[in-house]
Structures are given as structure tokens and as C-alpha cells.
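The structure appears below as C-alpha cells.
The values are calculated or read from the model by the stated rules, or taken from the named source; none is laboratory data. Since the model is a prediction, treat every value here as computed from it, not as a measurement. Reconstructed Cβ throughout: ideal geometry from the backbone, glycine too, with neighbour counts over all protein chains shown. Each accessible area value is taken on the protein alone, full model and side chains, heavy atoms only, with ligands, DNA and RNA left out. Shrake-Rupley method; radii C 1.70, N 1.55, O 1.52, S 1.80 Å.
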Amino acid sequence: MTLTKESFHGALPPASEVTKADMASTREKEEALLQSVTTSGAVVPRKRAVGRLVMHSMAMFGREFCYAVEAAFVTPVLLSVGLPKNLYSLVWLISPILGFVLQPVVGSASDHCTCNWGRRRPYILGLGIIMLLGMALYLNGDVMISAFIGERDNRRTWAIVITMLGVVLFDFAADFIDGPIKAYLFDVCSHQDKEKGLHYHALFTGLGGALGYLTGAMDWGQTVLGYSLASEFQVIFFFAALVFLVCLTVHLRSIPEVPLRYKNEETKILLEVTESYKYSTIEEEIKNGYLKSTCTEIKAAAKPGKCAVMSHTEDQRRMTLKSLLKTLLSMPSHYRYLCVSHLFGWMAFLSNMLFFTDFMGQVVYQGSPYAPHNSTLYLTYKTGVEVGCWGLCINAISSSVYSYLQKILLPYIGLKGLYFIGYLLFGLGTGLIGLFPNVYSTLALCSLFGVMSSTLYTVPFHLIAEYHREEESLKLQDGEQAAEHGRGKGIDCAALTCMVQLAQIILGVGLGLLVSVAGSAVTVISASTVALIGCCFVAFCVRYVE
């Protein structure tokens, strides 16, 4: 058979049909990409490499390292500058009160931040700088004041003021920074990567705490740095600041954020989508009506008279305190129940951790912090405090190990099982410590503290991710619901983090009075009771997504 020119051309489809087929294929690909662009300009995250998730988790390592340093040294520092006992409660109450009031404001602000660098990272950087400033003040305040003020009474007064300011700033920023870090993870990761990221966060939180406690336990006075710098506190600050700066830098460079875009950037979004695939020129898209129709589809997702993407004026209105409180109060009931369970967990955990070293010294070792410093009772108490620090180190290590085991247990027992087991084991462990205060059994049961720590840092935020995933699936079915949804991941993470500050306020007001009346033994019994109550709440009140 001979293929003639006429038969060859007859076998080919008309040029117009080829063009239509290409355009149809092009539009299908572009529509698929546009489905990943929300009305606010956010892009559906792609799968992240394990190395990126590890880099993202470094912020938790640095933060917990500095937390451990504070736990080990803040009381000796406050005592060394001569802080009166009646001001102790003031130091521990100012920071959580500020955090409880301002945390939702910052969470909402980060939800609507339009910085080109992203929504969360500017706040993380700012809070990181405040952490460093606070740590510098409370570890070096006495030395700095001595360099400028010679008169003894004035020097003592200003040293107390500067040290208290440093503690408040550090606690405020260190508590605050957790919310933006979690929201940053949720923004840039797919659902599967969120699970991995939360487990890596818990893992590096435990490792950072363990290394921080070990750093504080070493005698730096006999080292080269100890001889070079003015005091051991300055050596600790040098290491803590170096570790935190490196970890914060790695974290901020881990995963790029997509900046929030508003209505006047709708065309820019579409231009970027078209340009990335190089299918056709903008003039051709406008000519065939595709760009115009797509813009219409985006705007049609909102109710008549309401734009799906917030205008700048509406964004400012949402930032008012009245609107913010309304948003918090209008949270669905399952969010509120989750916040209450988180409050129970942190009340139990903190009531044990804040007084654990004192419990070891007074109850387990039968020492006394009020005895003369050269007496046997005081030295025995000091030994108990040092052993208590090793118990906290065991807690940090077990938290890291359990965060890895969570990934193995999750497919079998689910989030409900992980949440229930965390509270139950902690409640039983602290109860046994209170009933049988033995050195070796107490140190062994410290590993259960790590189970609770890992649970509090992962499961509630995992549930927040599940709730948002469920809501986002409903948005795909109902465009109007997506337009009306004004609460972002940042404010939900902030609401959870607020429970930590609320727990600190409640404990600062109530538990200190109980300890002064009944002694340190009441702390572990209180922790056990609250944890078991929270265990029942977790089992029957918290909602779990199927």
C-alpha cells in the first residue's frame, strides 16, 4: 500500500482539534494545580524529606536545652542576688499571666501576617531573640550591674530587678514560641508529615532537655572557660546561647513558607501558576476567557457581598480583641474539650516537675533546706536535689524514646489509646512515688514522666491537625463554609498553649500555699489525682476523628 500525501493528511486530525485537545490537557493540569491554591493563597504542602523535618525540630531541641538550664540554675541565681521569699510567687506568675492574655492575640496575628518571609517565622525569630535577651539578663544580670553600680544596696536592688526581668522575659518567650512553631509545621507539611514532625518534635525536646540537664550538672568552674569568664553562670550562658542560636537558625532555614496573599493578589497567584507550567501566554489565556472565568470561580466561593479572601480592612477588624474573644468563644465544643484535657495534663505534669527536686531532698532523702548550710540535714537535702536532677534527666531521655515508640503504637491503639495511656501511666507513677518514697523506685518511675511529657507535646496537636483536616475536607465539598471559616491553625495552637500558662497560674496561686502547709509530698499526690481525673476526661469527653 502506497501512502499518498492526501491520505497522510487525511489520517491526521484537523489542526483545530489538536489545539483544542492540547488546551484541554493544559487546563486540566492547571486546574489540578489551582486546586492546591486556597482562597487565601495557601498552597497544599508537598511531601517533606526526613532531613527537613529534623531541621524543623531543632527549634524544640534548643528551646528545651535552655529550659533545662533555667530549671537547674534559676533558683540558685535568684537566691544569690538576694530575692526576698515573698517575691518568688510574683516571678512565676507574671510570665504565665502575660502569656495567657497575649497568646491568642499573637496566634491570630500570625494567622493573618502578610510578611514575604511567611506567617510564622517572623514571630518565631522575634520570640527567639527575647529568649536570648531574658537568658542573658538572668544569668549575667548581677555581673552587668556590678560593672555599672558601685554602691552595695543599689547594686543589690538593681540586680534583683534585672534578674527578675530576665526570668519573666525568658519564660514568656519560651512558653510563647511553641504555638508558632507548631502552626509553622502544620502550614508547610502534609497530614502524614505533620504526624512525623510532631514525633520528631517530641524526640528532640527530650534530647535537648537531657543535654541541658547534663550541661548544668557539670562543674564548669575547673575548666578553661571557667577560668576565662567571671562565673559559672556565664559559661552556662555561653553554651546555652550558642546551642539555641544554631538550632534557631537551622529551624528557620528548614522549610520555606508560602506568604499569605489577599484579594488584590488573586491575579498574581494565577500568573504564577501559569508561568510555572509555561503552557501559554497570559494574553492567550485572557483571549480564550480562561483567566477571567477562573477569577470568577474563586470569587464565587464566597457568599454574595462577601469576598472569599479578606480585605485589609477586614483583617484589621479581626485583630481587635473583641473579635478575637468572639472567635475563641465560638470554637467548636470538641476544641474546648481538648483544651480542658490539655489543662488537666499540664496541671498534673507541672505540679510534679516544679517541686520534684525539692520532694527528693525533703521527702525521699529526709533533708532540710532551712537547716544551716554546714549541717548534715542541709547537705543531705542538697544530695537529694542533685539526685532529683538526674531523675529529670531520666524523664527527658524517656520522653525521646517514647516519642519514637508512639509511631509504632499509633496504628494499633490510635490517638485515644496514646492519650489515655500517657495520663494513666503518669497518674499511677506519681501515686506510687507519693506512697512509697524510695530512691531507686522513684528514679525508675521517673521514666513515666517522659511518657506524659511526650504525650502532651504530640497528641493534642495531632488532634488539632485531625480536626483541621476534617474541616478542610468539608471545605472542598462546600465553598461557602470555607469562606466563613475565620479561625486558623495559629489561634488553635495558641489556645492549646494558653492552657500551659493557665496551669502555671493555678498552680502558682494554689499549690504554693498547699506546699507551705502540708510539705512537698502533697505535690506528687496532687499530680496523681489530677492526672487520673484527666484520664477519665480524655476517655469520655475528647472527640477523636475516625
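Between the beta carbons of residue 540 and residue 473, assuming R0 = 22 Å, the FRET efficiency works out to 0.25 to the nearest 0.05.
Element breakdown for the range 89-226 at a 1.4 angstrom probe: carbon and sulfur atoms account for 68% of the accessible area.
Where does the charge balance sit around residue 537 when Lys and Arg score +1, Asp and Glu -1, over other residues with C-beta under 13 Å from its C-beta? The answer is +3. Of the peptides 401-413, 103-115, the ranking by mean beta-carbon count within 10 Å, highest at the top, reads 103-115, 401-413.
For residue 112, the amide hydrogen comes within under 5 Å of no other amide hydrogen, counting only partners 5 or more places away or on other chains and with H modelled in the peptide plane.
Counting 0.36 nm for each residue step from residue 514 to residue 416 and taking away their Cα separation leaves a gain of 32.0 nm.
Solvent-accessible area of the range 417-483 (1.4 angstrom probe, protein heavy atoms only): carbon and sulfur portion equals 64 percent.
Compactness ratio for the range 138-211: Cα radius of gyration over 2.2 N^0.38 Å (N = residue count) comes to 1.72. Determine, from the Cβ-Cβ distance of residue 231 and residue 105 and an R0 of 56 Å, the FRET efficiency 1/(1 + (r/R0)^6), rounded to the nearest 0.05. FRET efficiency, residue 231 to residue 105: 0.90. A simple count of charges around residue 205, restricted to other residues whose Cβ falls under 11 Å of its Cβ and scoring Lys, Arg +1 and Asp, Glu -1, yields -1. Look at where the Cα atoms of the range 114-155 and of the range 156-174 average out, and the two centres are 9 Å apart. In the structure shown, the pairs 182/475; 416/475; 47/416; 47/475; 194/407 are assessed against 20 Å; a Cα-Cα span above that value is assigned to 182/475; 416/475; 47/416; 47/475. Surface exposure of the range 189-240, expressed per residue as accessible area with a 1.4 Å probe, stands at 43 Å².
Charge tally for residue 60 (other residues, Cβ to Cβ under 11 Å; Lys, Arg +1; Asp, Glu -1): 0. Site pair residue 506 and residue 157 shows an inter-label distance of 3.9 nm when each label is modelled 7 Å from Cα along Cα→Cβ.
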